[in-house]
Structure formats: structure tokens, C-alpha cells
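Could you have a look at this structure, given as C-alpha cells, before my questions?
A short reminder: the numbers here are calculations on the coordinates, not readings from a lab. Just so it is clear, the structure is predicted and the values come from calculations on it, not from any experiment. Cβ placement follows ideal geometry from the backbone for every residue including glycine, while neighbour counts extend to all protein chains displayed.
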Amino acid sequence: MSDAIRRELPKVYEPAAVEKRIYALWQDGGYFGARPFAKNEDGSARKPFTIVIPPPNVTGQLHMGHALDETWQDVLIRFKRMQGFETLWVPGTDHAGIATQIKLEEHLRKTEGLTRYDLGREKFVERVWEWKREYGSRIVEQLKSLGSSCDWSRERFTMDEGLSRAVREVFVRLYEKGLIYKGNRIINWCPMCRTALSDAEVEYSEKLGHLWHIRYPVKDSDEYLVVATTRPETMLGDTAVAVNPEDKRYSHLIGKTVILPLVGRELPIIADEYVDMEFGTGCVKITPCHDPNDFEVGKRHGLEEVLVLDEKAVVNENGGVYQGLERYEARKKIVEDLEKGGYLVKVEDHNHNVGECYRCGNTVEPITSDQWFVKMKPLAGPAVEIVKSGKIKFVPERFTKNYINWMEGTRDWCISRQLWWGHRIPAFYCDDCGHMHVSREDITECEKCGSVNIRQDEDVLDTWFSSALWPFSTLGWPDRTDDLDYFFPTDVLVTGYDIIGFWVSRMIFSSVEHMGKEPFHTVLIHGLVRDAQGRKMSKSLGNGIDPMEVIEYYGADALRMALLIGNSPGNDMRFSDEKIESMRNFANKLWNASRYVLMNLSIDEIKLPETLRPEDKWILSRYNELVGEVTSNMEKYEIGLAAQKLYEFLWETYCDWYIELTKQRLYSGGDDKRNAEKVLAYVLAGTLKLLHPFMPFITEEIWQSLPGEKTALIVAKWPEYDCSLDFADIEGDVESVMSAIRLIRNRRAEMNVPPSKKASVQLLTEKREIFESMMDSFCRLAYASEVVFLDSPPAELRGYTTAATDDTRIFIPMSQLVDAQKEIERLERELARAEKDLQAVSRKLQNEGFLTKAPAEVVASEREKEKSIISVIEKIKENLEALR
RNA sequence: GGAGGCAUAGCUCAGCUGGGAGAGCACCUGCCCCACACGCAGGGGGUCACAGGUUCAAGUCCUGUUGUCUCCACCA
């Protein structure tokens, strides 16, 4: 098989043909599956490494944000798997309450002209399940085509049986501890979704509105107060007017009443610190049922609560003649009537922040309503502590502050939603005696009066209530399972900074509360993927790039690399065609380098040869350094850096230099050829391992063609830094030859000499030995027809072009191309440049402070540098002298 | 109002614990050299936003300024 592939490897890498086959190979091999309490071959316990996926919406489609998120996770999982950890990546999907419900409602409206109310709750929910069955696998398939090595046997859904049990258990526990309560409080209400929202689900955007100034006459007086409002319709629910207690302008009126225009209700004038004397007139109308601050004021002063809007934001029976008007119609009518009645003082343009539903985008109304809440204070404290203690680390570190601010500032969490799709609240009401049961099991009979007139609470829970439990509910909690014992706490959570409040914080306090432990030790935060212009990718802008199309056209590996390379945690990135193309090119480069090596391979086992030539030692040494650096980068989550180093090593070090340096040997045959093959294959194999977490498909495909290997690359052992491959002492020698080659190429390029025109090269060098041992390669790469070693410079330098490194003077006779005068000028420029460099170094070395305070190795390296520059300068000078 | 990010080559961005200013793309020159034109060789191009400070040494640490983006809070 491997011979066949070797011969048939196409010239251009074709990802589509490879990826499906390779993914099947991994799945059939069972490499994704994790076993609790697994043992190593020697019988020792294997360490677990666990990631739970941020569950995408079950009916959603993969977008670039997911692609980035999943790729980072897969890189970590594959890296740890190769390092010998028992890795578990738990996949799954979220029922996404509002999002999914809205999606289906839209679908129903478009295709059948029905609303959810036409169907009724039971039928509607059944339709959502059907929808889920139909589309739920789509995103899972998309994850697979990215290469995600999840343990699919453990796939979970937030509404499957086990997770629903966890949700119910948590609800009941918190209720029994008094940490969940039901109350009539002010909440954010979306009139389109007709549900309550949590604070986190409201997004604010600045909009130009108006500030209406309205006159409220003081009862039995000629005086009046002027209040300002951005929402005149809420005046129907006013139950007081407040002023600041320090405000001398109004102190005489405190305790009196005003008459509410259009309504006629008498409102007390109260004093409250909340009022800012500087803003507007210093008088505030108080509407406890429709403004969160007013609600607090109302509680402090025992004010009447008048709710004037219903669940569709239509004025209700408390709105008198305005009943039945939608909120904006009511606003218009009320403003007209105020004007007619002479109550309207003025109207100003006013920029203010309007809260919008994060799912449907409509303006939310603050209204009082019966809802369920999680009491946050007792939960937030320990959740802050566990982060401060260092048991959970954010990467990058700055997001710690972000988290702590969120946690400390958070108010009670409104968890009830007036939706149909979700976990129904396990509260049961007795219609006869009014008793409420909160129970783990469904109730059919009232525990208090025995009545069977029992109904369950209509509301469902906030989607995030179930995702908050994800790290342990997916492992079997509330049962005590092997998975839970072995894999929990999980290790790294990978997610975007945009859901720290929604999700990360809630997982942390939930885990601390119910598991008594942190859910993970590291939160790896990434930024958003933006388009080439830096805009957020969104459906409405139509600027989203579909990762599936990218995969189809360029391959999953190219997509992954494009998302990884040069990206650093917490920072947004731009995604562009150029980037993906350059990564496709990189994949192709790897492909062709491998194809070349495989074509030339006659060995049947990858093993280093007994004797190594200098360039072999050089590449092994460089490779070995790479192993150390990449491993250390990975451990510090510097994935983008690691990717970049691999890119450079493979392309520049391995392909552009090592492959070129060994070509002559491969053509020559014999032991020398076989030794070169061995080193080429060894380094290629090692690089494939290092690259595998980043580009799993192409590396596995190539790996399968390598001789002698039995196991799949996905479970190959991650390379370790190897002291026996450290040939630092010889690196300098090889670099000397490389420097000479570069200079010669440079000289030729400047004179536009084509590679086909070879020239004689004469060397006066301190390192004759290394040049001699690399003679064939040197000639090839320096386009030399012959190399002559000199003991002294040529007597006459006219007609030569020259160059110098710190150990070698190079003379190339090119009489027809070299103008002696121009050559002199060029050398003078070079000399000037070198002398400038020398000055900089010498200045440092003459600085007393530098010599005494800088680390010895830094001083030593500066001395080396000085010596080297001096040596180059001397040689340039000699060349110049000879020319003049 | 509070917090934070970013400001480095024409564009997009790396630069980890202070000591060489870098990559990709674009650009210029020359090359189809028996792995790759999705390529090879060579090259130009940067007061690392600005002003101070710490240090022998600062793109890298500290302070301030300007510009820009984001998150949180929300004053009617």
C-alpha cells in the first residue's frame, strides 16, 4: 500500500480526497474514545486530560467562531493524546431555548402560516424535537469535517435524560437551600419573544430619542414640578415624584402631592438620594413597575405599584383610556394629549441607551413580573475566591479581572422564561389549597391537602441554567460515575471572551456549589474572528465566511492553520482569502517535501545512521531545538507561536536548506545516500508529529506512507528534547558555509547572473575543512563550476567580485560582468555599513555599566559579535586595497 | 461613569521571562534548477503612536497624552 501511494502521490495536495478517509481511519481505530482509569503499558496509571466542548446550538451551523474554538481545543487534545494522556473531549449540543424556539416559529410562520399558539404547547414542543432530530446532526458532521477528535460515544445534549435530571437536581437543591426563590420583581421583558430575560441577555445600544419635559401640577397650589422622561407612556404607572433630600428648591414640597396629568391620580412628592440634583430639573417621576431604579425607590418608600403594560407591551386596564394601545402608539397619543392639555413644557433630542433582546433585537421593557431567581450573593463569593486562590487561571491573565468584576457586580439571576422549549421548572401548584411543591419527581397529589388538582409551573429555565452544569452533568452527575471520578475536574475550557458572563462564571459557581471543586483549572480565552475589514462576521451583514466552504475548497488543515498561526489568546483576528491561501500553500509545501523524500527512500525503517555528516548534525540540532520550543509553547498555550515556528522550520530550515544540502548525496547512491535518507526521514517524521495537532489530516496521510511505522500518527509519541541530538558545536561551521552560499547568491543576483551560468569560486578560508566536507552541496547551491582554495588572495583583483564573512574571503572571477570602479564603490558601502555596526557594539563594550552589570553571557556574545564584525571589516578592507 | 484591549514594514499581524526588529501578503529583480510556479534565489521598505521615567540596556516594565475598539454600569 505504501509503495502504491508513494508512486501515485499527486503533485498538488488534494485535501478533499484525503480527509474523509483519514477521519474514518481514526474513528475505526477507536482513537477518540477515552477510558476512565486507563493504564499505561507498564501498568502505571494514565493521567486524564479533559475538555468539554462549548456546546453549539443544536440546530445551528458551524461558523468561523466555532471553527476557531474547536480548532484550539483539538490542538490541545491531540497534543496531550500524543503525550500519553488519557484524553477525553466531550462533545455535545445545547438546546438553546430562545434561539431554537424563534427559529422554529419563523419556520412555521413561513411554511405553514402558523404561530406556536395555533399549535399549542405540546404539539409545538413535539415539532421542536422533530426539528432537532432533523438538523441536530448537521453541526456534529461539520465538527467532524474540521477534524475534531471528540469522543462521539459520549455526545450529550442539554435536554437529554441525564442532563435534565442534573438540571432538576440542581434546581431542587438550590431551592431547598433558599438560593432559588420566586418573587414579583422587576425584570427585562421582551414583548416579541414574550418572555423574561436575564440581565446578561439584554444588549444596550445608543439611540437618538427624545426627552419630554412634563409639568405635574402641585395639588392645591399654583406651583408645579417639571419631570423629564424618555418614555412618556410609563407615566400611566407613576406613583410618586422624587426629589433629592438636599435640594433646597423643592424641600418645601416634600410630603405634598402632585396631580398626574391625563390620569388625575395624586402622587406623593418624596425625597430620595437616588435623584441627581444636577440632571434635568432635579425631579424624577417614579414608575416602580417599569423602571429598575424606580422599583427600588418604590420598595424603599412603600409606593403603590401600577403595572400598565401587558406581555405584548400593550397598555392594560390600568391605562384608562389608553388601554389597548401598543407602547409606541400610546406614547404618541399621550404626547399629543399632554400638549393639548398644556402639560408639555418642551421636547429635546436625547441620546440614550436602549436595551435590546439579544436574540430578536427588539426593545425590551422593564416590567414587574412573577419570576424565579437565583440568589447570587452566596454563590458569587466562593466563585470569586476560587479564582483569586489560583485554582482557576485565565489565559490571558487579564480576563481574571473581567470575570471578578462580573461576578461581584452581578445581581440575582432571573432564570424563568415564558417559553415552551426548555427544561420545565419543577414547581407544582395545588389549585385547591395553593400550596407549592418543588420536587425531584413529578407530583400528582398535593402533599398538603391531598388534592389531585395539581399543575406544573408553565415556565422553563434559562438555557444557561443547564449549560452552567455542563462540565459535570456531561460526565454523569448527579450519579457518581467512573467518568466523573476520573475525568473531573476537567482541565482546560476554551471559549471566547464574549461569554465569560453568560457561561464561564456560571459554570464556576455551579461547580463550586455542587461539586465543591473548580470545573477546570484553566480558561483559555480567544477573540472573535472578523472579516478582512475587521468587521464582526454576521448574518445580517452577509460578510460571514462559511468554514465548510473553506474546508471544501482549501482543506481543513489549511483552515486550521489559518485560524491558529500568529493568533494570540484573547485577541481578535481577521480572516482573509490571502491567509487561507498561504496556508493552503504551506500544506502543499509539506506535501511536496514529503513526496520528494518518499520518492527517494529506499530504507524500510526510520532510524538515524551511525555516521552523521555536518549538515545532518545541523538539521538534527535545529530539529531538536524546535521540539523543545514547540513543546514549551504548547504547554503555555502559545499555540500561534508554536504554529509559526513549525511553519518556518519546515519551509525554510528543512526544505530550503536541508533538502537542498542533501540532494547531491541522494543522486550519488551508496551509504552516503542511505544515511541522508535516514536523516531526511527521521526529521520529516518528527516534524509530522509536531505538526499533527495543527494539521491532522495531511500529516496522518503522509505518515501512513512512511516506512516502518505501524501505529497511526494520532497516537504516536510526542517527541521529547534529546540531548544526544544537540550538536551546537557544529552548527556554527555549517552556518559558515551557508553564509558563504548566501553571499555568493547575493553577488550573482545583483549582477543578474542566471543560475545556469556557473562560475569558479575561490576561497581563502579559516574553515577549509567544513567547506571540503560539504563541497558537492556548496557547488550546487552557490552555482560554482569549481572551488579553488587559496593560501593568499589573488595577485590581481580586477575582474573579480568579492565578499567576506568573518572567517572566509570569497573571490569570483567574472571579468565580463565586473566593473572595477563599481565594485570599489559597492565595497565601500559595505564597509561603511559594517563600521556602523561595529560602532554600536563597541560603544556597548566600552560602557562600564554594561560590562559590570549585564549578565556575563550577554557580554560574551557582544564580544563575539565585535570580533566577527572586525574580522569582516578587515577582509573587506583587504579586498578594497587589492582593487585600488 | 467604571474596566480593559489595541497603536510595530503599503496591508494583516507575531514578538513568551527587557539585550538580533520579524512573518505572511503586496512590491521590485532574476529563474519552469530532475519535490513543489500553491514554487526557487535575491532585494527594497519600519524614530516599534507621542511625551516622560526606571535600567548598563526598553517595541518589551512604569506614568501621562492622543487615537481606536471592546466589555460592564446606566441619570429620569
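Between A:E605 and A:E660, what is the label-to-label distance in nm when each label sits 7 Å out along the Cα-to-Cβ direction?
3.5
While we're on this one: If you keep only loop residues by DSSP, which GluC sites (Glu not before Pro) in segment A:331-361 have at most 15 other Cβ atoms within 10 Å of their Cβ?
On the way: sites: A:E336, A:E339, A:E348, A:E356; in loops: none.
Of the GluC sites (Glu not before Pro), not one in the loops of segment A:331-361 has a Cβ with at most 15 other Cβ atoms within 10 Å.
Still on this model: Once you treat every alpha carbon in segment A:734-773 as an equal point and sum by Debye, what is log10 I(q)/I(0) at q = 0.21, 0.25 Å⁻¹?
-0.73, -0.92
What FRET efficiency do you get for A:D482 and A:T444 if R0 is 30 Å and r is their Cβ-Cβ distance, rounded to the nearest 0.05? Each step should come with its number before you reach the end.
Values: r = 35 Å, r/R0 = 1.17.
That pair, A:D482 with A:T444, gives E of 0.30.
Moving to a separate point now. Quick one: Karplus J couplings for segment A:28-45, per residue in order, coefficients 6.51, -1.76, 1.60, θ = phi - 60°, nearest Hz, x for Gly and Pro?
5, x, x, 6, 7, x, 10, 10, x, 6, 5, 10, 6, 4, 7, x, 6, 6
Using all alpha carbons of segment A:166-237, what is the percent of pairwise distances in each 5 Å bin, ordered from the shortest bin to the longest?
Cα pair-distance distribution for segment A:166-237, in percent: 3, 10, 10, 14, 17, 11, 8, 9, 8, 5, 3, 1, 0.
Here's something else I'd like to know. Write down the radius of gyration of segment A:174-216 and its Dmax, each obtained from C-alpha positions, in Å.
Cα-based Rg and Dmax for segment A:174-216 come out at 16.7, 50 Å.
FRET efficiency for A:E296 and A:N592, Cβ-Cβ distance as r, R0 = 51 Å, nearest 0.05? Kindly include the intermediate steps, with their values, before the conclusion.
On the way: r = 69 Å, r/R0 = 1.36.
Efficiency computed from Cβ-Cβ geometry: 0.15.
Collect residues whose amide H, placed 1.01 Å from N in the peptide plane, falls under 5 Å from the amide H of A:F575; neighbours closer than 5 in sequence don't count.
HN-HN under 5 Å from A:F575: A:R530, A:D531, A:A532.
Normalised by the number of residues in chain A, what is the relative contact order in percent for Cα pairs under 8 Å and 6+ residues apart?
Values: 1517 pairs, mean separation 111.1, N = 884.
Value for chain A: 13 percent.
Based on the Cα atoms of segment A:494-569, what semi-axes does the equivalent ellipsoid have, where each is the square root of 5 times one gyration tensor eigenvalue, given in whole Å with the largest first? Don't skip to the answer; put the middle values down first.
Working: eigenvalues 197, 48, 26 Å².
So the equivalent ellipsoid measures 31, 15, 11 Å along its semi-axes.
What is the distance, in nm, between label points placed 7 Å from the Cα along the Cα-to-Cβ direction at A:D791 and at A:M515?
A separation of 7.8 nm, rounded to one decimal place.
Then there is this: Please state the charge dipole magnitude for chain A, taken about the Cα centre, from unit charges on C-beta atoms (+1 on K and R, -1 on D and E), reported in debye and rounded to the nearest 20. Walk me through the numbers before you get to the answer.
Values: 116 positive and 143 negative charges, 208 e Å.
Rounded to the nearest 20 debye, it is 1000 debye.
Also: Take the Cα radius of gyration of chain A and divide it by 2.2 N^0.38 Å, with N its residue count; two decimals is plenty. Each step should come with its number before you reach the end.
Numbers: Rg = 36.9 Å, N = 884, 2.2 N^0.38 = 29.0 Å.
Normalised by 2.2 N^0.38 Å, the Cα Rg of chain A equals 1.27.
Please compute the Kirkwood hydrodynamic radius of segment A:1-131 from all pairs of different C-alpha atoms, in Å with one decimal.
Values: mean 1/r = 0.0524 Å⁻¹.
So the Kirkwood estimate lands at 19.1 Å.
Going by alpha carbons, how many degrees (0 to 90, nearest 10) lie between the helix axis of A:614-635 and the longest principal axis of chain A?
Helix A:614-635 and the main axis of chain A meet at about 10 degrees.
Next question, about the same structure. What three numbers, in Å, describe the spread of the alpha carbons of segment A:359-434 along their principal axes, ordered from the longest?
Over segment A:359-434, Cα extents along the principal axes are 53, 34, 23 Å.
Counting only DSSP beta bridges with both residues in chain A, tell me the antiparallel percent, nearest 5.
Values: 65 of 91 bridges.
Taking every DSSP beta bridge within chain A, about 70 percent pair in antiparallel fashion.
Give or take rounding to whole Å, what are the principal axis extents of the alpha carbon atoms in segment A:131-192, in descending order?
If we take the Cα atoms of segment A:131-192, the spans are 48, 32, 19 Å.
Follow-up question, since we're still on this one. How big is segment A:641-744 on each of its three principal axes, counting only the C-alpha atoms and giving the largest first in Å?
43, 37, 26
Which of the trypsin sites (Lys or Arg not before Pro) across segment A:336-443 are loop residues per DSSP, with 16 or fewer other Cβ within 10 Å? All intermediate terms of the calculation are to be shown ahead of the outcome.
Numbers: sites: A:K340, A:K346, A:R359, A:K375, A:K388, A:K391, A:K393, A:R398, A:K401, A:R411, A:R417, A:R424, A:R440; in loops: A:R359, A:K375, A:K391, A:R398, A:R411, A:R440.
Sparse-neighbourhood loop trypsin sites (Lys or Arg not before Pro): A:K375, A:K391, A:R398, A:R411, A:R440.
While we're here: Which length gain, in nm to one decimal place, applies between A:R742 and A:E206 when the Cα-Cα distance is subtracted from 0.36 nm times their residue separation? Intermediate values should be presented prior to the final figure.
Numbers: separation 536, 0.36 × 536 = 192.96 nm, distance 5.92 nm.
Length difference between fully extended and current span is 187.0 nm.
Just the Kirkwood number for segment A:528-627, please: inverse of mean 1/r across all distinct Cα pairs, in Å, one decimal.
Numbers: mean 1/r = 0.0596 Å⁻¹.
After inverting the mean inverse Cα-Cα distance, the result is 16.8 Å.
Can you list residues whose amide H is under 5 Å from A:T87's amide H, if they're 5+ apart or on another chain and H is modeled 1.01 Å from N?
For A:T87, whose amide H was placed from the backbone, the distant partners under 5 Å are A:F49.
Follow-up question, since we're still on this one. At R0 = 45 Å, how high is the FRET efficiency between A:R863 and A:L528 if r is their beta carbon distance? Nearest 0.05 is fine. Write out the running numbers ahead of the final one.
Working: r = 48 Å, r/R0 = 1.07.
Efficiency computed from Cβ-Cβ geometry: 0.40.
Additional query: Take the alpha carbon atoms of segment A:640-709, find their center, do the same for segment A:54-109, and report the distance between the two centers in whole angstrom.
Spelled out, the Cα-based centre of one part sits 34 Å from the other.
In the structure displayed, which of A:K589/A:K645; A:K47/A:K80; A:K393/A:K689; A:K103/A:K132 lie more than 19 Å apart, Cα to Cα? All intermediate terms of the calculation are to be shown ahead of the outcome.
Working: A:K589/A:K645 15 Å; A:K47/A:K80 10 Å; A:K393/A:K689 29 Å; A:K103/A:K132 11 Å.
Correct reply: A:K393/A:K689.
How about segment A:537-631: which trypsin sites (Lys or Arg not before Pro) there lie in a loop by DSSP and see at most 13 other Cβ atoms within 10 Å? Numbers along the way, then the final one.
Working: sites: A:K539, A:R560, A:R574, A:K579, A:R584, A:K589, A:R595, A:K607, A:K617, A:R622; in loops: A:K539, A:K607.
Here the trypsin sites (Lys or Arg not before Pro) that fit, given the DSSP loop and packing criteria, are A:K539, A:K607.
Another one. Between segment A:416-443 and segment A:188-266, what's the alpha-carbon centroid distance in Å?
36
Here's something else I'd like to know. Hey, what's the per residue convex hull volume over the C-alpha atoms of segment A:120-255, in cubic angstrom? Before the final figure, lay out the partial values.
On the way: hull volume 38.4 nm³, N = 136.
So the per-residue Cα hull volume is 282 Å³.
Please compute the contact order of segment A:297-400 in relative form: average sequence separation of alpha-carbon pairs under 8 Å and at least six residues apart, divided by the residue count, as a percent. Walk me through the numbers on the way to the answer.
Numbers: 53 pairs, mean separation 12.8, N = 104.
12 percent.
Let me ask something else about it. Can you pull the one-decimal nm distance between simple spin-label points at A:R574 and A:Y274, each 7 Å off the Cα toward Cβ?
Simple spin-label model gives 4.6 nm for this pair.
Regarding segment A:433-546, what is the average projected area of its C-alpha convex hull, in nm²? Can you show the working numbers first?
On the way: hull surface 46.3 nm².
Averaged projected hull area, Cα only: 11.6 nm².
What is the gain in length, in nm to one decimal, between A:K377 and A:D776 on full extension, counting 0.36 nm per residue of separation less the C-alpha to C-alpha distance? Mind showing how you got there, number by number?
Numbers: separation 399, 0.36 × 399 = 143.64 nm, distance 7.56 nm.
Using 0.36 nm per residue and subtracting the Cα-Cα distance, I get 136.1 nm.
Stretch A:E648-A:I254 to full length: gain in nm at 0.36 nm per residue minus the Cα-Cα span? Kindly include the intermediate steps, with their values, before the conclusion.
On the way: separation 394, 0.36 × 394 = 141.84 nm, distance 7.60 nm.
Answer, rounded to one decimal: 134.2 nm.
When N counts the residues of segment A:216-335, how does its alpha-carbon radius of gyration compare numerically with 2.2 N^0.38 Å, as a ratio?
Working: Rg = 13.9 Å, N = 120, 2.2 N^0.38 = 13.6 Å.
Normalised Cα radius of gyration, segment A:216-335: 1.03.
Still on this structure, I have one more. Once you wrap a convex hull around the alpha carbon atoms of segment A:690-798, what is its projected area averaged over all directions, in nm²? Intermediate values should be presented prior to the final figure.
On the way: hull surface 44.6 nm².
One quarter of the hull surface, i.e. the mean projection, equals 11.1 nm².
Let me ask something additional. Of chain A, which part is the longest with no chymotrypsin sites (Phe, Trp or Tyr not before Pro) in a loop (DSSP not H, G, I, E, B) and with at most 15 other C-beta atoms within 10 angstrom?
Values: sites that count: A:F37, A:Y274, A:F279, A:Y721.
Looking at chain A, A:280-720 is the longest stretch - no exposed chymotrypsin sites (Phe, Trp or Tyr not before Pro) with at most 15 other Cβ atoms within 10 Å.
Kirkwood-based Rg over Rh for segment A:733-884 (C-alpha set), two decimals?
Details: Rg = 17.0 Å, Rh = 16.5 Å.
For segment A:733-884, the value is 1.03.
Report, by chain and number, residues whose modeled amide H sits under 5 Å from the one on A:G92, excluding near sequence neighbours (fewer than 5 apart, same chain).
A:R156
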